[in-house]
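Take a look at the structure set out below.
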Amino acid sequence: MNYLSVENISKSFGERTLFENISFGINKDQKIAFIAKNGSGKTCIMNIINGEDEPDTGQVVLRKGLKMAFLSQKSNLQDELTIEESIFASDNEILHVIERYEKALENLNPETSGEEKYQLAFDEMDRHNAWDFETQFKQILSKLKLDDLKLKVKSLSGGQKKRLSLAIILINRPDLLILDEPTNHLDLEMIEWLESYFAKENITLFMVTHDRFFLERVCNEIIELDNGKLYQYKGNYSYYLQKKEERIAMENSTIDKAQNLFVKELAWMRRQPKARTTKSKSRQDDFYQIKAVAESRRKENVVELEINMERMGSKIIELHKINKKFKDKVILDNFTYDFQRGERIGIIGKNGTGKSTFLNILTKTIFPESGKVIIGDTIKIGYYTQSGINPKPGQKVIDIIKEYGEYIPLTKGKIISASQLLERFLFDAKKQYDFVEKLSGGELKRLYLCTVLIQNPNFLILDEPTNDLDIVTLNVLESFLLDYPGCLLVVSHDRYFMDKIVDHLFIFRGEGQIEDFPGNYSDFRAYEDSAEPKGLSNVSTEKVKWKQNNTASTGLNFNEQKEFNKIEREIKDLEYERKQIENLFAESKVADADIVAKAKELEAIIKKMEVKEERWFELSSKME
């Protein structure tokens, strides 16, 4: 059953064309993900579908009587209403029945007519079979941590408003849900609940999301807008990746053949007299078709990330007995940790457990009640925060970068102009002179990432870096971080990203309890799912037991797994140091007086690598 048809829609802003003649349909029970690069018109298409914008050409046709709901990035809630009033402010009859029942329950008083009103409301609940609906309604509110229904909307944070908007949509159960980044502002527990909810419910979805685990487990179809053309894939994210690669390979093969034929036909065209026969006219028409195919090579504009990382000494960052609380809420309790070179740590935990506070203490934005934060002399921190860029009024994109200089140093002594650097981050010459406030959410994040990396940090802290970034940019960022030789600390709800990037996790359990877990997010979930409910005091013992039971294929216990991960990081660091010295010798940049010392330094590094590699092979042998 067709719910909605998008027919030949186009949209332009001035001279810039976002898309032309786009057509697709949404049918009952389809769960469709819409994928496109930032700035290519995803949100615009969603606004057109929802009736909040008009296409330049074409139309959107909805099935008669279709109930559709749209979760946008912007809140359209009424500030003066409470959470409860916002939920009941709809035309859903069952919700009104539940509202009357809840009010009757509150006013139940034998001395007044309260009992009579309660009985009427009770009977009405029976007639409408509203009991199951009420149970599900309360479960949704509980899972989205909307417990105090008397709070007014104006007192809610941005994340709470997003969760309330999502709750209202889920409770009203429309025929079609249009969702723009539904997992933003949700913690991991909420995301996994929503993922499970969508996967098992017969719901029709059309959504934009960068969460690739969500795409993998929820969606059964993917629509991609790529270089102005629409492609549809009947499958999940893994299927999409496979088929897209095949499609691009086929397109490139077709273009290569057309280019070879074009050269031959071009020579024929140049030899022909001006007078054309019917036969030659037909061949001439074919020539222009071949020419169009030959010149249709994909424009692969990919973000280029490159930094000239500051040299890192032996002392990184040390935390000694850190304590922090807000009123009676304990955030950190006597926390001690000594960061090592090349560590790649992910931070996860429920909202409100202190993740951002921890990062702010680490960067000395705020200070602990007691304890010390000691930062090594050579450490240069790059901090990508959730707040992002705060541009001055009327500031243009290029002005943001020029604050760091007209020319920016890169690796191996290269320099690049501010304009060239922006081009590497996919801001073309025209876009560079746009006002910052005109950028899309993803473009703002990309620009902010540029300003963080431009400072050449060797200790990189990323607080929710994947929000609003498109999947193409995410893949580039992941590749860059995998090769990044410095220390990395990441807070993210993006499970796919965490699995790919980090070696171990800090689990913020709340009440100042932080657990160091030796593995990525999927390892942690497997551990959590296999463990029986237990108190925090048994976590360490249970974790070792789990690791021994669940890494039988590797043969590594908890401590060996941790050592193995550490050795891999240390070998990578030593390899980086070795290459640096070898490059100095290769480029004749070592002074004569320093040759012997540098040669000894290189020899010492190689010996360290041999020792580490020997232990690595010893541990690896247990994994076979």
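The values are calculated or read from the model by the stated rules, or taken from the named source; none is laboratory data. Values in this document were obtained by computation on a predicted structure and should not be read as measured data. Here Cβ is always computed from backbone atoms with ideal geometry, including for glycine, and neighbour counts include all displayed protein chains. Surface areas here come from the heavy atoms of the whole protein model, side chains and all, with no ligands, DNA or RNA. Shrake-Rupley method; radii C 1.70, N 1.55, O 1.52, S 1.80 Å.
Can you give the accessible area of Glu575, probe radius 1.4 Å, in Å² rounded to 10?
We get 50 Å² for Glu575.
For Arg173, what accessible area in Å² do you get when you roll a 1.4 Å probe over the heavy atoms of the protein chains, rounding to the nearest 10?
The accessible area comes out at roughly 90 Å².
To make sure I understand the rule: partners must be lysines, Cα under 16 Å from the Cα of Lys150, and not fewer than 8 residues away in the same chain. Which ones qualify?
List returned: Lys103, Lys138, Lys161.
Sort out for me the Cα centre separation of region 18-51 from region 55-108, rounded to whole Å.
Cα centroid of region 18-51 versus Cα centroid of region 55-108: 23 Å apart.
What does the extension gain come out to for Lys103 and Leu584, with contour length at 0.36 nm per residue minus their alpha carbon separation?
Additional length available on full extension: 165.4 nm.
Expressed as a whole number of Å, what is the distance separating the alpha-carbon centroids of region 184-234 and region 568-586?
Cα centroid to Cα centroid, the span is 42 Å.
Would you mind putting 497-505, 227-235, 73-81 in packing order, based on average other-beta-carbon counts within 10 Å, highest first?
497-505, 227-235, 73-81
About the Cα centre of region 404-539, how large is the charge dipole given +1 on each Lys and Arg Cβ and -1 on each Asp and Glu Cβ? Please answer in debye to the nearest 20.
Rounded to the nearest 20 debye, it is 540 debye.
Need the list of aspartates and glutamates near Lys229 for cross-linking: C-alpha distance under 12 angstrom, and skip anything on the same chain fewer than eight residues off.
Glu20
My understanding is that a pair violates if its Cα-Cα distance is over 21 Å; which of Lys37/Lys445; Lys402/Lys579; Lys145/Lys350 do that in this structure?
Lys402/Lys579
In region 408-506, carbon and sulfur make up what percent of the accessible area (probe 1.4 Å)?
Ligands and nucleic acids excluded, carbon and sulfur reach 55 percent.
In the structure shown, do any of Lys74/Lys327; Lys42/Lys152; Lys162/Lys355; Lys380/Lys598; Lys325/Lys612 have a Cα-Cα gap over 29 Å, and if so which?
Result: Lys74/Lys327; Lys42/Lys152; Lys325/Lys612 exceed 29 Å.
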